[in-house]
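Chemist: This structure is in structure tokens; I'll ask about it shortly.
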Amino acid sequence: MTNTRSLHTIPTVGIDAVSIFVPHHYFSIEELAHIRNVDAEKFTVGLGCSKMAILGPTEDPVTMAAGAARGLIDRTGIDPREVGMLIVGTESAVDESKPIAVYVHEMLGLSPRCRVMDLKNACYAGTAALRAAMAWAASPAAAGRKALVITTDVAYYDLASPGEPTQGAAAVALLVTANPQLLVIDTQAEAVYTREVMDFWRPTYRNSALVDGHFSLECYLESLRACYQMHKEMTGLSLADFRHVVFHTPFPKMAHKAHHRLFELEGGRLALGMSEEDSFHWKVEPTLGAARELGNVYAASLFAALISLLEDGKLQAGQQIALFSYGSGSSSEFFTGRFGPAIAAWNGNTGFSDQLTRRRRISYEEYLFYRAAYEQRNRDGYFVEDQPTEESPYLFLGIKNHRRQYAFLPPGRAADASTGVLGEP
Ligand code: HMG
């Protein structure tokens, strides 16, 4: 009898295109240090932070997610009806029941024959979503259709808490397909590590996260060690084999600590034939732009680091990179990928830098005002009147009769055409 499984050759799978959404405002970390009466170098050198992206009153995790995906659809020119799966990885849910994905599905004009869901697992949610999307894209069920993975998050801590300088917000969209042109991800080795810890969490009754900061660093590094060694045992690959290592980067110094851990595990300078500084400079430094400019973006952090690497613009087809995803609580994974033939078109050309130049720096008073607005945003009765534009095609207007209200311009719709509205009773 013929084994039908053997007839189905497993295609390569991974990321075919990426896009980032950057909020329109930021607050300076130096100014925060000044106001908190802290030596600025503690935040800028000790943590490596520079700016934190702040949501405006008409932005929320849904509008960021739709904005990131729209950038991807506009750039690739894909027909939204080709998307057969949409997974949003997030820890910034706007509802205990309704997923962000279903709002985004409507805003993008995706086909009704599209499976949608949100996936929660702290900062690991994006990688979990990527893995689920890859399994589907490689399966016969996908039948050539594409999956959209969107990571969207707001990192939000209490005022004057140690986590405050690491706050941020952004969304990243990934087009996940068979035979991807951008990054082929290895599906043979599975180096995952799960351990229940209380290092960082956000109870459903709180807007801001609770964190045992120094313990969370230990948990991250221990998970990295476990995943890296597991991966090495399975593949024989080690730090020296990777052109770049992309880490989940809650703040840039964390990537230094992570690289240091791997460098030590590999026996240091003598074994690796280069100094730790050089290794960090070549392998990790080009991944840090987003963490410096945006802050922690939780589930989007790993993929924002990947976009920083693309934006740095020196990559070649065939180069192998490693990625480490960590989500508090905790789940983690170490995996690898190789750049595909389209890499030249992405080098220095992700749209990330352009979005940074369009941002406005806000004052401390505005920072406090936007925080207050963020907290209001999950209460019934908050409402603003506004119209979407090409610059801001997705607007969150507030909550009326317990329904979230959005106004938007679907992809391909001119600014003067009628806008879509979501949430009206
Ligand atoms: P802290 O305790 O206030 O800071 O908060 P510190 O005292 O540890 O100092 C930080 C660094 O600045 C240290 O460097 C100091 O030496 C240095 P290190 O020794 O670590 O290399 N420093 C200075 N440097 C220059 N000039 C100075 C100066 N003073 C001190 N004058 C902490 C730090 C990370 C704990 C805090 O920001 C925090 O709680 N952050 C949130 C938690 C976090 O980001 N954890 C990361 C790992 S867990 C993770 O990544 C998951 C997460 O993304 C959530 C999810 O999964 O959903 C958070």
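Chemist: What is the distance in Å between the Cα centroid of the stretch 152-172 and that of the stretch 211-258?
Modeler: Computed from Cα coordinates, the inter-centre distance equals 21 Å.
Chemist: Only helices at least 15 Å long along their axis, Cα-based, and averaging 0.5 or more on Kyte-Doolittle count here, so list those DSSP H runs from the chain.
Modeler: 125-137, 301-312
Chemist: If you roll a 1.4 Å probe over the chain with all protein chains in place, what percent of the accessible area is carbon or sulfur? Show your work: numbers first, answer last.
Modeler: Values: 8920 of 17810 Å².
Of all accessible area on the chain, carbon and sulfur atoms account for 50 percent.
Chemist: About the Cα centre, and with charges only on the beta carbon of Lys, Arg (+1) and Asp, Glu (-1), how big is the dipole of the chain? Nearest 20 debye, please. Show your work: numbers first, answer last.
Modeler: On the way: 39 positive and 48 negative charges, 175 e Å.
It comes to approximately 840 debye.
Chemist: Name the long-range amide H neighbours of Leu119: under 5 Å, sequence gap of 5 or more, or other chain; modelled H, no Pro or chain starts.
Modeler: Val88, Gly89, Thr90
Chemist: Further question on the same structure: To one decimal place, what Kirkwood hydrodynamic radius in Å is obtained for the chain from all pairs of distinct Cα atoms? Before the final figure, lay out the partial values.
Modeler: Numbers: mean 1/r = 0.0460 Å⁻¹.
Result for the chain stands at 21.8 Å.
Chemist: Let me have the 222 nm mean residue ellipticity of the chain computed from DSSP H runs of 4+ only, each contributing -39500 (n - 2.57), with the sum over all residues rounded to the nearest 500.
Modeler: It comes out at -9500 deg cm²/dmol, rounded to the nearest 500.
Chemist: Here's something else I'd like to know. Take the alpha-carbon centre of the stretch 338-370, take the same for the stretch 75-141, and report the distance between them in whole Å.
Modeler: With the stretch 338-370 and the stretch 75-141 each reduced to a Cα centre, they are spaced 22 Å.
Chemist: Right, something else. Give the aspartates and glutamates reachable from Lys400 as a straight Cα distance under 13 Å; neighbours fewer than 8 places away on the same chain don't count.
Modeler: Those aspartates and glutamates meeting the cut-off are Asp380, Glu385, Glu424.
Chemist: Still on this structure, I have one more. Can you figure out the FRET efficiency of Asp354 with Glu30, using R₀ = 22 Å and their beta-carbon distance, to the nearest 0.05? Walk me through the intermediate numbers first.
Modeler: Values: r = 24 Å, r/R0 = 1.09.
Between Asp354 and Glu30 the formula returns 0.35.
Chemist: If you plug each phi of the stretch 141-148 into the Karplus form 6.51 cos²θ - 1.76 cosθ + 1.60 with θ = phi - 60°, what whole-Hz ³J(HN,Hα) values come out, in order, with x for Gly and Pro?
Modeler: Working through the residues one at a time gives 4, 5, 6, x, 6, 10, 10, 10 Hz.
Chemist: Still on this model: Whole number in Å², please: accessible area per residue of the stretch 263-418, 1.4 Å probe, ligands, DNA and RNA not counted.
Modeler: 43 Å²
Chemist: Under a plain spin-label model, where a point goes 7 Å from the Cα along Cα-to-Cβ, how far apart in nm are Lys314 and Arg261?
Modeler: Once both label points are built, they end up 2.6 nm from each other.
Chemist: So, one more: Structure shown: which of Lys98/Lys146; Lys42/Lys314; Lys42/Lys257; Lys51/Lys314 lie over 27 Å apart, alpha-carbon to alpha-carbon?
Modeler: Over 27 Å apart, Cα to Cα: Lys42/Lys314.
The values are calculated or read from the model by the stated rules, or taken from the named source; none is laboratory data. Please read all numbers here as calculations on a predicted model, not as lab measurements. Glycine gets a Cβ as well: all are built from the backbone with ideal geometry, and neighbour counts include every protein chain shown. Keep in mind that these areas ignore ligands, DNA and RNA; they rest on the heavy atoms of the full protein, side chains included. Shrake-Rupley method; radii C 1.70, N 1.55, O 1.52, S 1.80 Å.
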